[in-house]
Amino acid sequence: MIEVFLQVLIGGVMLGGLYALVAFGLSLTYGVVHILDFSHGTLLAVIGVISSLLYLAGLNPLWIALILVPCAFAYGGAFYFALLRPLGSRGPFESTVGTVLVTVGALLILSDVTSVLAGATPKNIPIRLGVYIIGDVVIPRMQLAILLATALLTLAIHLVLTRTWFGRAIRAVTQEQVAAQLCGVRSVWLRTMTFAFGAGTVAIAAVLYVLTYPVDPYMGFGLTVKAFTIIILGGIGNLPGALVAGILLGVAEGMTGLYWDTQWAPAISVVLLLVILAVRPQGFARKTA
Amino acid sequence: MKTRPCLTLVTSAMIGLAVAQPAAAKLGSCDDPIVLGTTLSESGVFSTLADRWRNMTKIFAEEVNKRGGIPVKDCNKSLPIEFVIYDDQSVPATAVSLYERLASVDNVDFLVGPDWSSIGGPVSAVAERHKVPIVMANVATPSIYERGFKYVWGTPAPVVPRWSERYFEMLKSVDPKPKTIYFITEDNPVMKGITTVWSKKAEDQGLKVVGSEMFSSTQKDFTAVLAKVRSLKPDIIYVSSFDGASVPLVQQMAQMQIKAMDVHHTMLTGSLERQVGADIEGWTGELVWYQGVKGDYSDLVDTVLERSNVDMFDYIWTLSRLNSYLVIMQAIEKAGAVDREKVKAALYRGTFKSPAGDIVFDENGFPNTGAFTIQLQDGKPVVVWPRDVATAQLRWPATASH
Amino acid sequence: MNAGRMQFVYGLAVSLVIVGLATMPYFASPYMISFVFTVLIAYTLAQSWDWVAGEMGYINLGHYCFYGVGAYVFSLALASHTTPVLALIWAVLFTAVVAVALAFPLFRLRGDYFAFATLALLPLAEILAYNLSSVTNGADGIMLPAHDVRNLTFMLAVGLSALAFLASVLLDRSRFAYTLRGIRNDELVLETMGGRIQSAKTKILVFSAGFAALAGALQAWQLSYIDPPTVFGLDVALIPIAMALLGGSGLLWGPLVGVLVLAIIQQWLLINLTMLNATVYGAIILFIGRYMPGGILRASWVEKLSMACRQRSNGPATGDAVPGLPGGVHAAAAAISSLPLVPQAVDRQTVVLDCRKVTKAFGGNIAVDALDLRVHQGEIVGLIGGNGSGKTTLFNCISKAFEPTSGGIVLFGKDIRSLRRDQIARIGVGRTYQIPRPFGDLTVDENVAIPLMYQDPHLRPSAALAQARKFLDYVGLSTRTGSLAEGLSLQEKKALELARALACRPKLLLVDEVASGLTPAEVARFTQHIRDMRDELGMTVIWIEHIFSALAQVVDRVVVLDHGRLIADGPLAEIVRDERVIKAYLGSAHAEDDHAGA
């Protein structure tokens, strides 16, 4: 039975890594720019659909990522600059309302346009890399590769946030905007860059996601809800925390399926979220000092 | 807090102006085309099940009219058909409004569609209330037909009680004989219905049901289920699920090298094959129609599918949709008049032709459509049962290649 | 046209609309009835959502859950042959219980966390509906008897929407609405003024949930068949919220306008566009969000349009400062005797405040360290100390903004450990804040009226607003009564703080650094206020201040804190010569100078 446990554990870790990936971009944009972006998951689903079409056109995933990441970056930056930034100069109530409406509108537009142009049926990138077999435990190579990619990405972003000027500037702006501006940080530019950076992360996540699971234009909001759950559990703005939280979630879902009932596995993330918030209403946000 | 009653009253007035439309053609006249009203789920969650059906519907009308339309005895001529199509956005309340509109504003002659039980349940009540015969398409939940409605029919294909009929028939004659079967079911009324009916029939046939697991449609990790399956080593694994929802399951079955004499999937489609590739090589499944079936209206259906670029293997719900159109056409012809009551009588317990065989309605308007057993061989679906229409030899054990 | 006539006209117009709607089944097409039904349901959802979001500021993204629960309970009841009336009642009761149960954990969360948690409720509810199949029938859904209930459900929906609108109108003028608006601005301050926030939050959530449940029940009845994705689907859950926001959240007509505009546009698009109708719909929502984020009704062009439609009516908030004239706090203020406060008999023996070894630690940082302090009735006690010496923290412990880590505080003979914040306000503690915390989006007079509404006997808003003006006259803000509090200058805000604190009818007033930033004349005036409060009204005052000259004029004694510890307690003259105080405040070099000079 230990093999079954191990298998489920490993499956959960890999699934969780993918969940964390979905949440990364959101952790950045929410953590830094404090915007509840409801179109986050839909953007991922749409980029996934595009990736799958590019794959059918003959490109390999690496090229797809190299093309789509800058596109997403540009989209994110433009989206923030044109639509969300002007709302920041309004009062807190109006800026919250405005962001909700803008991101909900974006969600509707993204899914509908994609559905019309590319069709609404599910798509993925069906590459099979085979498996490693250790004893009785099966480890799919593709998912292992994705987990490693996720870990690397986490490390890379973490280093950027802590070691580079850009990263420090982001954290300064998060904590004290006016003081940061006085020190020469151009806040608007920085926030735009962060949002663009977050969108770029979404593109990488999308390509990795469709290598494992299919996407369709209407599944986005469900992903967004899951992503929000992870960033709360992991601490807002805390990327390594999001990775841990994602993995924890994946494992919890797997264990629920093993020891209880597969049907309840999707509920576990919500229950965990509600329990954590009940116990610690302020979440786990650490000061990124 | 300021009040804006002006604005409110102005916008209220806009309701009447913007939304009311004048009535369309006169009902049942011999000079107007026959108008069929329908909605398609072109956006929203159900739109992920099919593409390009609006175009297909329009082309269907064109092709029928090219072939002369529908002969109507009482008019001494053939009348063309036309469709009024709306997008119900996969929202039942919206569909209800739209069918009300079709019945009372657009004044269609008859109703066809919708698809999906969530929508068919409420919409059937609307048709009944307006006394407009409706032939629903992909509405499979039997309880929707058991409400005592007189104006409601449907053409889901295949129907749950006949879904795997030919497959289990086939199992009687294979060698080596399977003894055990394990069901993995998606939490969905149609799929659960299939498992309920066919696990019982499997038992009746001497196959022992050694396990039955259910999973939710958004499930991503199946290690727990598959670990149980692996330890039990059933001869047949029966996957009762929509194609999209089963993609992770199929992939993980391949990765975990689950071996069995056969893996049977209730929705083996082109969409699934594109997403999982060789993982389903050798699997068996059901298909209601395939190219080369020379049934009635095959010529019409082939042309429509080719022109609208819809592949029946990709979108296996398509035949059910087209069948609903074919049935209403034949019913009108049989009734001899564009008259709702006469068509209703013609539909009652009627037998109608379709490319995959005859459709016979019971007194509830529920059909008897079955399916052919197929197998995926070298990446292509081939019909393996019944033997007289088979296009290839069954490979058994089916998944020896794993 | 005066206000009364305007209200009559509006009321008549609304009644006509309701009557018109109620007669629709007789003359309108079934399509219109069905469409208007969905509009009415959407309105009920949007309006009930806005009570919690617009009035109280809590964005409940899971509002649709109540709709779904109501739909399910009603359907289950009806399918098991209960009468419809009873089934509706069950739907409301069950959902209300769910709302009460959820209120406890949910309202411990603030702002965005509240939004996230409520958002997560929807997929949870859907999973529960799928998995508890012995109760809910799971994915098979629930089939209701298929009688022709179209007209009946329509009439009920008209009634429900009218009720929701009426509830909004009544709520708008009620005391309860002011509690909600106070919570929206600063719930801690509201609580320390006597507002019972936990019960208010629960009440409005239950109220909102009840309406949503009825909307769900009626929709289910009309559909005659429901399954989990129909009532808990994420894709439709945000739409009523977008509608309320689009019209103008927090405004009486906001949700109605938003629902009408979006529902009509959506239907028009569905009928007339064969594709991309969701894109156009989304684009409109996006456009409004970007350019009119306060909602349509708050947009500037609408303001101008409405002025063309009506004359300016006289509301309760008169006396707006004429632009251009210097407003602000002016010297010619009223006398303290004009305030509707009952003077107290002063008994110098009574101990008003007794702090016994009060300690407050934040992790490793001990802000208040084993503090003993006794204040008698009628004293004016100055509280001084360097920055970070724990003065404001002490105030926070007394008003129970914080719980002391250890030690006891006894106010008017009662141990405050067992008291809630609002109860502490009721026994007679009022305070001002170092950085003023007015209720920003309310007007100046509303700010002062709110604590007056919590007094015994309860005052209606109109009476409270009238009384508030007296307090504002006293502090010299009479020209600013109609202005929004957030637009005031710092001095005006401090004056507002004082007026609001007085409106709490305190017996013990805690004043936190009022004088910094004021001119000497203004300081003198504040000092006079404080003296009046003790002399004329018998209040006890503890005053944190840095400006010794101000303290010197009124205080009976001074208490000095340093790093959380009480280091001196006595008349001002002694304190300024106390070595420890000098060392703590001014540094030891000065003490040496003193010695050297002596």
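Our note on the geometry: Cα centres of region B:176-239 and region A:1-65, 30 Å apart. Between amide H atoms placed 1.01 Å from N, distances below 5 Å from B:K208 occur with B:T180, B:I181, all of them 5 or more places distant or on a separate chain.
Between the Cα long axis of helix B:189-204 and the first principal axis of chain B there is an angle of about 40°, rounded to the nearest 10. Going by neighbour counts of Cβ atoms within 10 Å, the residues C:C355, C:C65 line up, fewest first, as C:C355, C:C65.
Sequence-ordered 3J(HN,Hα) estimates for region A:239-253 from the Karplus curve with 6.51, -1.76 and 1.60 and θ = phi - 60° stand at 5, x, x, 5, 4, 4, 4, x, 5, 4, 5, x, 5, 4, 5 Hz, glycine and proline given as x. Relative contact order of chain B, taken over Cα pairs closer than 8 Å and 6 or more residues apart, is 18 percent. With the cut-off at 1.5 for a/c, could you classify chain C from its C-alpha gyration tensor as rounded, prolate or oblate? Judged from the Cα gyration tensor, chain C comes out prolate (a/c at least 1.5, a/b above b/c). At a Förster distance of 60 Å, what's the computed FRET efficiency of B:S143 paired with A:S187, Cβ-Cβ distance as r, to 0.05? That pair, B:S143 with A:S187, gives E of 0.50. Among B:210-216, C:247-253, C:120-126, the peptide with the highest mean count of other Cβ atoms within 10 Å heads the list, and the full ranking is C:247-253, C:120-126, B:210-216. Computed from point charges on the beta carbon alone (+1 for Lys and Arg, -1 for Asp and Glu), the dipole magnitude for region C:31-237 about its Cα centre is near 560 Debye. DSSP bridge analysis restricted to chain B gives an antiparallel fraction near 35%, rounded to the nearest 5. Sorting the segments C:479-492, A:201-214, A:239-252, B:168-181 by their residues' average number of neighbouring beta-carbon atoms within 10 angstrom, most packed first, yields A:201-214, A:239-252, C:479-492, B:168-181. Summarising the label geometry, the points placed 7 Å from Cα in the beta-carbon direction at B:K201 and A:R90 lie 6.0 nm from one another. Shielding by partners for peptide B:142-150, expressed as the average number of C-beta atoms from other protein chains within 10 Å of each residue's C-beta, is 2. Remark: mean inter-chain Cβ contacts per residue of C:101-113 equal 3, using a 10 Å Cβ-Cβ cutoff to other protein chain atoms. Close amide H pairs (under 5 Å, H built 1.01 Å from N) link B:L268 with B:E286, residues at least 5 positions away or on another chain.
Summarising the label geometry, the points placed 7 Å from Cα in the beta-carbon direction at B:K334 and B:S173 lie 3.1 nm from one another.
Across the options C:V69, C:A115, C:L171, the greatest Cα extent toward the positive end of the charge dipole of region C:31-237 (unit charges at beta carbon of Lys, Arg, Asp, Glu) belongs to C:L171.
For region A:32-65, no residue has its backbone nitrogen under 14 Å from a point 7 Å from the Cα of A:A179, taken along Cα to Cβ.
The fewest-to-most ranking of A:E253, C:E579 by surrounding Cβ atoms within 10 Å reads C:E579, A:E253. Relative contact order, whole percent, for chain A stands at 39, derived from Cα pairs under 8 Å and 6 or more residues apart. Got a sec? Which residues in region C:420-439 would a label at C:L490 touch, if it sits 7 Å along Cα→Cβ and we count backbone N under 17 Å? Under 17 Å, as judged by backbone N against the label point of C:L490, lie C:433-438 of region C:420-439. Residues B:M56, A:M142 in ascending order of nearby Cβ atoms (within 10 Å, fewest first): A:M142, B:M56.
Rounded to the nearest 20, the Cβ-based charge dipole of the protein assembly as shown about its Cα centre (Lys and Arg +1, Asp and Glu -1) stands at 1480 debye. Between C:V9 and B:K77, the simple spin-label model (points 7 angstrom out along Cα→Cβ) gives 6.0 nm.
In chain C, Cα pairs under 8 Å separated by at least six residues give a relative contact order of 15 percent.
Close amide H pairs (under 5 Å, H built 1.01 Å from N) link B:K353 with B:I359, residues at least 5 positions away or on another chain.
Look at the stretch C:237-248: the mean tally of other chain Cβ atoms within 10 Å of its residues' Cβ atoms is 3. In a simple Cβ point-charge model (Lys, Arg +1; Asp, Glu -1; nothing else charged), chain C has a dipole of about 940 debye relative to its Cα centre.
Between A:V116, A:V138, A:V33, the GNM of chain A built on Cα springs shorter than 10 angstrom shows A:V116 fluctuating the most.
Considering only beta bridges that DSSP places wholly inside the protein assembly as shown, some 45 percent are antiparallel.
Ranking B:G120, C:V39, A:L129 by Cα position along the charge dipole of the protein assembly as shown, where only Lys, Arg, Asp and Glu carry charges on their C-beta atoms, puts C:V39 farthest toward the positive end. Can you give me the C-alpha center-to-center distance between region C:107-127 and region C:167-216, rounded to a whole angstrom? Here the answer is 19 Å between Cα centres.
Where a number appears in this text, it was derived from the coordinates with a stated rule and is not lab data. Since this is a predicted model, take the numbers as computed values, not measurements. FYI the Cβ positions are ideal-geometry reconstructions off the backbone, even for glycines, and counts take in every protein chain you see.
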